Amino acid sequence: MKRHLILLTLVAAVGAATLAGCGGGDAAPAPEPAAPVEATAAAEPTEAAPTIAALPDACGLLPQAEAEAIVGTPLDPPRAIRDTCTYTGPVTGPTAQVEIYVGDGAKKFLDIDRELGHTFAELSGIGDEAHLEDGTVFFAKGGVWVGIRVVRLVDAATLAKPLEKAARAAVGRM
């Protein structure tokens, strides 16, 4: 018991010393406020800033009827989020989804698939360049990239021709 009291006293003393070391003492003086700075008007630009071309509307590139033709089943109305458009199959089935990506996101999607070693077929006559892989077609026109991806529980080879047809129609709308 005596041993516990000594230990408890020692712990209390160390704790008190620690707290005393953290004490304030004299506070540092507050810094002097900085001298006010006068605002000046910004210089007028001498050249017009380059304009970035507006991206085409993703849902406008592939109307619902054409999205349904790719997957061969009815789809719910499109959902547009930023530079994408998604058509989903009804909850009653069958499983189907068509996604359209426009701009940098489409190009990044293509670059990632290339890095992963996906196999692509080159498609001619669609924009500046076009590439087809299982379930997805990518094409560019005037520096703007578009990707159309299909999710469907069918053999991917059956989607190649409908995807190519959709890309040809979509590039004409750009």
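Rule-based calculations on the coordinates, nothing more; no lab input. In this text, all values refer to a predicted model and were calculated from it rather than measured experimentally. Quick reminder, even Gly has a Cβ in these numbers, built from the backbone with ideal geometry, and neighbours come from all protein chains shown.
Details
- 15 Å beta-carbon shell around C85, net charge (K/R +1, D/E -1): -2
- Using a cutoff of 8 angstrom between alpha carbon atoms and counting only pairs six or more residues apart, the relative contact order for the range 124-174 works out to 35 percent.
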